[in-house]
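Quick notes on the structure that follows.
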Amino acid sequence: MITPLLTFSLITHVILGIVAVAASYAVWLELLKKSPSLSFLKKSSLISFFSYLLSWLSGGYYYVVYYGDIQKPKIIAGAYPWAHKIFTEAKEHIFLFLPFTALALLLILWKAGGDLPQNELLRKGAVFLAATITVIGILIALAGIIISGATR
């Protein structure tokens, strides 16, 4: 049975996931500017990190309390068992990297962000990391949509 707390955790998971992807995308785009705003980068990376982390925790709660015992067997027995076997399994393992990579980007921007204008290698690395985080976040969101569709 879906309780208000489960509903809240699922909604929190989805909304914070969207916020996290948007914030990491904002960091990516800002880093591509000729003169990026360090203040904006710091704030956006902080939002990205905490949003990925809290989305991870709220999704984990939903999975442990509800999905694993109730929804997972329905999906596996249903018309789209591959939705769990491929997308949920991949999502569970790949998503683990997002809070940690977002934390790495946050630390880079907070500790060495002032060096971005003169350190092209640092800037390119930060751009690559922000792009990777954003693309993985988008793919994880799409996997969630597929999984949700398989439960119907």
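Any read-out appearing in this document is the output of simple, stated calculations on the displayed coordinates, not a laboratory observation. Computed from a predicted model, the values in this text were never measured in an experiment. All Cβ positions, glycine included, derive from the backbone under ideal geometry; neighbour counts span all protein chains shown.
The modelled label-to-label distance between PHE97 and ILE2, using points 7 Å beyond Cα along the C-beta direction, is 3.1 nm. For the Cα atoms of the chain, what angle does the longest principal axis make with the long axis of helix 97-112, in degrees from 0 to 90, nearest 10? For 97-112 against the chain, the angle is about 20 degrees.
Nearest 10 degrees, 0 to 90: what angle lies between the long axis of helix 120-150 and the longest principal axis of the chain (Cα atoms)? Value to nearest ten degrees: 10. Taking max minus min of the alpha-carbon positions on each principal axis, the stretch 75-152 gives extents of 56, 15, 15 Å, largest first. Rg and Dmax of the stretch 4-150, based on Cα coordinates, read 17.0, 57 Å.
Applying 1/(1 + (r/R0)^6) with R0 = 41 Å to the Cβ-Cβ distance of THR132 and LYS72 gives a FRET efficiency near 0.90. For the Cα atoms of the chain, what angle does the longest principal axis make with the long axis of helix 38-62, in degrees from 0 to 90, nearest 10? The angle comes out at about 10 degrees.
Positive end of the dipole of the chain (Cβ unit charges, origin at the Cα centre): among LEU103, ILE86, MET1, the Cα lying farthest that way belongs to LEU103. With each label modelled as a point 7 angstrom along the Cα→C-beta vector, the ALA22-TRP110 pair spans 2.3 nm.
Of the listed peptides 87-100, 14-27, what is their order by residue-averaged count of other C-beta atoms within 10 Å, with the highest listed first?
Working: 87-100: 16.5, 14-27: 21.4.
Going from most to least packed, we get 14-27, 87-100.
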